[in-house]
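The block underneath contains the structure these notes are about, expressed in structure tokens.
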Amino acid sequence: AQSVAQPEDQVNVAEGNPLTVKCTYSVSGNPYLFWYVQYPNRGLQFLLKYITGDNLVKGSYGFEAEFNKSQTSFHLKKPSALVSDSALYFCAVSANTGGFKTIFGAGTRLFVKA
Amino acid sequence: SQTIHQWPATLVQPVGSPLSLECTVEGTSNPNLYWYRQAAGRGLQLLFYSVGIGQISSEVPQNLSASRPQDRQFILSSKKLLLSDSGFYLCAWSPGQGNTIYFGEGSWLTVV
């Protein structure tokens, strides 16, 4: 069965510092991996995805994520955090072996302090 | 470009009253459509998904139902709301399974 884990409920980082939001997954086939961001009282917004190709994926708002097959991870990163990056972040995975059903993680709340 | 609209944005309903949340997608055809519920600003629970008109799959047994009367219209309904139905409901679409899912702005339902 497919699963995705976001081991941290909350991540705190100072503005200007690099940030990492962790995600690990479990699928039996090739994973399709996604990151979404949710601001208060809003719907989720797509940030980036990995399907195939270069392990480092660049997305919106300066975010990037690195696919690591051996560690089954897809951590979200940004070199320099902004206060406006404070939000709820979701990792998601789907795979052809799971009928392409998308599974979302529980979410990680990012706080960026000025 | 594709857009997704859902309404109403907020709704306060008494226990036992009916519910209808509506969602439409523009700029695409034959999308996969989804209804999610999010409680307490955290994880998403998939309620229903549809791969075509009249084709609805339910993920969680409950007193909610969904319908897809047109290709780009998805409706979430209930005949009698429960207090536990309160939450943030999100409609979403994707070009197909395994593709990026695009979300609407959500509907806050408070059952009193």
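Quick notes
- Computed over chain A: relative contact order in percent, which uses C-alpha pairs under 8 Å that are six or more apart: 38 percent
- Reciprocal of mean inverse Cα separation for chain A (Kirkwood radius, Å): 14.1 Å
- Counting lysine pairs in the protein assembly as shown that sit 8 or more residues apart in sequence, or on different chains, and whose Cα atoms lie under 21 Å apart gives 19.
- Across the options B:35, A:1, B:20, the greatest Cα extent toward the positive end of the charge dipole of the protein assembly as shown (unit charges at beta carbon of Lys, Arg, Asp, Glu) belongs to A:1.
- Separation of alpha-carbon centers, region B:1-66 and region A:32-54, rounded to whole Å: 19 Å
- Computed Rg/Rh of the protein assembly as shown, alpha carbon atoms with Kirkwood Rh: 0.98
- Averaged over B:27-38, number of beta-carbon atoms from partner chains that fall within 10 Å: 1
- Peptide B:69-79, shielding by other chains (average Cβ, 10 Å cutoff): 0
- Ordering of B:64-75, B:46-57 by packing [mean C-beta count within 10 Å, highest first]: B:64-75, B:46-57
Only the coordinates and a few stated rules stand behind these numbers; no lab work does. None of the values given here were measured: they were computed from a predicted structure. For neighbour counting, all protein chains shown are included, and Cβ atoms are generated from backbone atoms with ideal geometry for every residue, glycine included.
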